[in-house]
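Visitor: Let me give you the structure first, and then I'll get to my questions.
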Amino acid sequence: MQSSTGQPQHGTGDPAQPMAAPGQWSTGLCDCYKDCSACCLTYCCSFITFGQIAEIVDKGTTSCVVHGAIYIMLGLLTGCACVYSFTYRSKLRQQYNLAEKPCNDFLVHCCCESCALCQEYRELKHREFKSSLGWEGNLARHNQGVMLPPIIPGEMER
């Protein structure tokens with residue numbers, strides 16, 4: 001279904017359903033200039049960007065704060081927060097059937113953590129997520145204006 005602006009719309013329920021052509025990222029790995037504010041945030045506070053991405057990819061099962069704290073702790077204790085963050089790139093790719101480009105997820109995060117997080121952030125933004133709202137906020141925004149059928153007492157009970 002498309003809106004009056006020609007943009008694809010979701011039906012009721014889960015806003016994490018794929019919208020773009022399978023296999024294609026909306027932007028390239030090094031297209032950070034396409035969202036300078038996200039790039040600056042990621043450069044200065046990558047744990048915030050990661051936490052926002054992880055909360056949405058996990059569909060709200062764990063909050064942004066928890067994901068960000070784990071990311072910080074792994075970074076401080078091991079220097080390798082990418083060991084945690086690459087798993088969410090894999091989950092994001094699986095949810096949207098995206099290509100594993102330019103190389104496998106671990107190497108992308110290990111060699112270019114900031115670029116990988118920025119690309120994932122832009123991908124969610126392209127799919128109409130506002131990362132700052134978290135999962136619940138995006139779900140509420142998505143379902144705003146969606147009319148559900150009324151519940152009629154006594155109808156089809158078991």
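Visitor: Helices (runs of 4 or more DSSP H) wholly in the range 37-138 with at least 1 residues that are within 21 Å of Ser26 (Cα to Cα), in contact (Cβ under 8 Å) with a residue 40 or more places away in the chain and not hydroxyl-bearing (Ser, Thr, Tyr) - which ones?
Guide: Numbers: elements: 46-57, 64-78, 82-96, 105-111, 113-126.
Because the criterion is at least 1 residues that are within 21 Å of Ser26 (Cα to Cα), in contact (Cβ under 8 Å) with a residue 40 or more places away in the chain and not hydroxyl-bearing (Ser, Thr, Tyr), the helices (runs of 4 or more DSSP H) in the range 37-138 that meet it are 46-57, 82-96, 105-111, 113-126.
Visitor: What's the number of the condition Ser37 fails, among (1) small (Gly, Ala, Ser); (2) within 16 Å of the chain's Cα centre (by Cα); (3) exposed (fewer than 13 other Cβ atoms within 10 Å of the Cβ)?
Guide: Ser37 satisfies every listed condition except (2).
A short reminder: the numbers here are calculations on the coordinates, not readings from a lab. Everything quoted here is computed from the prediction, not taken from an experiment. Cβ atoms come from the backbone with ideal geometry, glycine included; neighbour counts cover every protein chain shown.
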